Amino acid sequence: MNTPLPVTAVPKVKKGKLSLKREKKKAWDAFAQWYRHSATQDGYAICYTCDRRVEFDNIQPGHWMTGHTNTNYINEEYVRPQCTYCNVILKGNQGIFWERIEREIGTDKFLYLREHNKDFKNITIPDYVEIRETYKQKLSELV
């Protein structure tokens, strides 16, 4: 005899109600879209770590510090354009990334950002909404 599985109630989210997770994703999507457009020229970008010429659809905002925190997740200082291969398959190609970013921004700033990467930063729903709107505006200025 088949016994029916217990039904568990799933809380419903009211339409229009803001949630931290949803707003963080929307802010990231706006940032990523802006970043990809800002890094490309004539539909292509150069991968920061392997120097390959990459089509717009295959460029990603890659983080030079692994482990996304509120400090580095949506932060232009921690992101450079990467191809999918370097960012995903090679997990950021960190060795080359670190060498190049240190050369680009200087040792002092590199060490400062690396040291403060895990600093606690409380980002609220209104903060994420503001971040999203900022990058939507920056994108509209680009395209």
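The values are calculated or read from the model by the stated rules, or taken from the named source; none is laboratory data. Every value quoted in this text rests on a predicted model; they were computed, and no experiment measured them. Here the Cβ is made from the backbone with ideal geometry for all residues, glycine too, and neighbour counts use every protein chain on show.
General observations
- In the condition set (1) assigned to a helix (DSSP H, G or I); (2) over 22 Å from ARG114 (Cβ atoms), ALA45 is compliant with all but (1).
- Between ILE101, ILE131, the distinction of being farther than 26 Å from LEU20 by Cβ, modelled with pLDDT of 95 or more and β-branched (Val, Ile, Thr) belongs to ILE101 only.
- One residue stands out among those in region 110-132 that are part of a helix (DSSP H, G or I) and in contact (Cβ under 8 Å) with a residue 24 or more places away in the chain: the one that is farthest from GLY62 (Cα to Cα), which is ILE125.
- As a summary of the residue check, ARG52 satisfies the conditions (1) surrounded by 18 or more Cβ atoms within 10 Å (Cβ to Cβ); (2) more than 15 Å from the chain's Cα centre (by Cα) except for the one numbered (1).
- Filter result (modelled with pLDDT under 95 and acidic (Asp, Glu)) within region 116-128: ASP119
- Qualifying residue in region 90-103 (condition: assigned to a loop (DSSP other than H, G, I, E, B) and touching a Leu at 6+ places or on another chain (Cβ under 8 Å)): no
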